[in-house]
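Q: Sharing a structure, written as structure tokens. Questions coming.
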Amino acid sequence: MIRILALAALAFAATTAPAFAHLNPAEHGSFMAGFSHPLFGLDHILVMVAVGLWAAQIGGNALWRVPLAFVATMAVGFGLAIAGIGLPFVEPAILASVVALGLLVAMAVRLDTAMSMAIVAVFALFHGHAHGGELGAAGALPFGVGFVIATALLHAAGIGLGLGIARLSGNGIVARIIGGLTALAGLALAFG
């Protein structure tokens, strides 16, 4: 039980956002500005880790296909923003993604891989668009590569967390609790 609680504490610590603004591309370079971008928003961190947790819960080829669908569609959303093609309700969709993905993890929903990929892809489109809309003075390609790598690493952290929880607890209750807390955090972000 102590190991489960320690793992849960580690998971919560991993989902906290740093208390400083995005890196300045002129000062730190476009790649580092892009890489740090998902790490500075609690909404982004919660979703990226939840995607990994959910993929771990589903298992099989969803373990890599679900996160890959998120990353690929996020890049498309980024491209849309760079091209000046707007999407409606970007911020509400991002907040909805925190709640929805948290609930999918909390309820340990096991859909087929294609459906799971489609769900995360819808949300990823909005996350990518938001990144593109916040490009500022950064170069698009290095910024995009940076945030894609950071996103993939957050997915990997979620997968590792999910697999570790399953191995330690066996019943997945800790992952479900983290999912519920993620959904609650999404509601707090939406209404706070």
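Q: Tell me whether segment 103-113 contains one or more residues that are in contact with a Gly (Cβ under 6 Å, 6 or more places away or on another chain), in a helix (DSSP H, G or I) and at pLDDT 95 or above.
A: Yes - at least one qualifying residue is present in segment 103-113.
Q: β-branched (Val, Ile, Thr), over 21 Å from Ala166 (Cβ atoms) and either buried (at least 23 other Cβ atoms within 10 Å of the Cβ) or at pLDDT below 95 (or both): which single residue out of Val120, Val98, Val51 fits that description?
A: Values: Val120 fails: over 21 Å from Ala166 (Cβ atoms); Val51 fails: over 21 Å from Ala166 (Cβ atoms).
Of the residues listed, the single one that is β-branched (Val, Ile, Thr), over 21 Å from Ala166 (Cβ atoms) and either buried (at least 23 other Cβ atoms within 10 Å of the Cβ) or at pLDDT below 95 (or both) is Val98.
Q: Applying the selection to segment 115-146, what residues are of a type in the set (Gly, Ala, Ser) and in a helix (DSSP H, G or I)? Show your work before the answer.
A: Going through segment 115-146, the residues of a type in the set (Gly, Ala, Ser) turn out to be 116, 118, 121, 124, 128, 130, 132-133, 136-140, 144, 146.
Listed by number, the residues that qualify are Ser116, Ala118, Ala121, Ala124, Gly128, Ala130, Gly132, Gly133, Ala140, Gly144, Gly146.
Q: Within segment 15-30, identify whether any single residue is under 22 Å from Leu181 (Cα atoms), in a helix (DSSP H, G or I) and either modelled with pLDDT of 90 or more or of a type in the set (A, V, I, L, M, F, W, C) (or both), and answer yes or no. First the steps, then the outcome.
A: Going residue by residue through segment 15-30, those that are under 22 Å from Leu181 (Cα atoms) are 15-19.
With in a helix (DSSP H, G or I) added as a condition, the list becomes none.
No: segment 15-30 contains no residue that is under 22 Å from Leu181 (Cα atoms), in a helix (DSSP H, G or I) and either modelled with pLDDT of 90 or more or of a type in the set (A, V, I, L, M, F, W, C) (or both).
Q: Right, next: Within segment 142-188, take every residue that is β-branched (Val, Ile, Thr) and out of contact with any Leu (no Cβ under 9 Å at 6 or more places or on another chain) and give me the one that is nearest to Met48 (Cα to Cα).
A: We begin by selecting, within segment 142-188, every residue β-branched (Val, Ile, Thr); these are 145, 148-149, 151, 159, 165, 173-174, 177-178, 182.
Add one more test, that the residue is out of contact with any Leu (no Cβ under 9 Å at 6 or more places or on another chain), and what stays is 145, 148-149, 151, 173, 177.
Working: Val145: 16, Val148: 11, Ile149: 12, Thr151: 6, Ile173: 20, Ile177: 17 Å.
My answer is Thr151.
Q: Moving on to the next point. Among the listed residues Met48, Met74, which satisfies the condition of being under 23 Å from Met107 (Cα atoms), out of contact with any strand residue (DSSP E or B) (no Cβ under 9 Å at 6 or more places or on another chain) and touching a residue at least 12 places away in the same chain (Cβ under 8 Å)? Outline the logic, then answer.
A: Numbers: Met74 fails: under 23 Å from Met107 (Cα atoms).
None of the others qualify; the one that does is Met48.
The values are calculated or read from the model by the stated rules, or taken from the named source; none is laboratory data. Please read these numbers as outputs of a predicted model, since none were measured by experiment. Every residue, glycine among them, receives a Cβ derived from its backbone with ideal geometry; neighbour counts consider all protein chains shown.
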